[in-house]
């Protein structure tokens, strides 16, 4: 799963209605341009593509007082809300997701109820255990990777990755069980969005002309 779809849907959802510049600023504020493919061109392309697919609804609004073309604002449709929740659940539970998608899902996990997030993370632990068992069916770490030649280092890396992900996921489950964070239905959650047109304070450089 590409993280950009989840990131853009989540960013638009937090505003209710947002234009591309706001979405880009938020994702840069979160550092997503450093750890994902959420680059300016990808963000604007995703917005326009999902509008064509009926996942987002595009509104053309009046230009700013400074002039310029009309700005396009986006909001989630019913299909967009369903898609967002589906992607979020998939990324939290699936051990095979890339790191970008998991990072995006952790950033939005409070949009789900606490109990549901715990169920999804425990499912992730079960899938990690099954994946580790499949690897050790072909490679035993106590025998060392050399037995399989340098290719054995691949399986050795897989096992270390699985063990690290299990430890991290268990830690997260424990913190959530102990009451960390504010999840859906529990009150006012933390929302990391920027105010209107803050001047891209977290951008790393100038990008192409804004497209909407």
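Read-outs throughout are calculated quantities, based only on the coordinates presented, and are distinct from any laboratory measurement. The structure displayed is predicted, hence computed values, not measured ones. Positions of Cβ are backbone-derived with ideal geometry, glycine not excepted, and every protein chain shown enters the neighbour counts.
Side notes on the structure shown:
- For the pair residue 90 and residue 173 in one chain, pulling the backbone fully straight at 0.36 nm per residue adds 28.2 nm over the alpha carbon distance.
- Residue 118/residue 138 FRET efficiency (R0 45 Å; Cβ-Cβ; nearest 0.05): 0.90
- Unit Cα scatterers, Debye sum, the range 114-182: log10 I(q)/I(0) for q = 0.13, 0.15, 0.22, 0.26 Å⁻¹: -0.46, -0.56, -0.87, -1.06
- Normalised by the number of residues in the range 114-182, the average gap of Cα pairs under 8 Å and 6 or more apart makes the relative contact order 42 percent.
- Stretch gain in nm, segment residue 180-residue 34, where the contour uses 0.36 nm per residue and the Cα spacing is subtracted: 49.9 nm
- Multiplying the residue separation of residue 151 and residue 17 by 0.36 nm and removing their Cα-Cα distance gives an extension gain of 43.3 nm.
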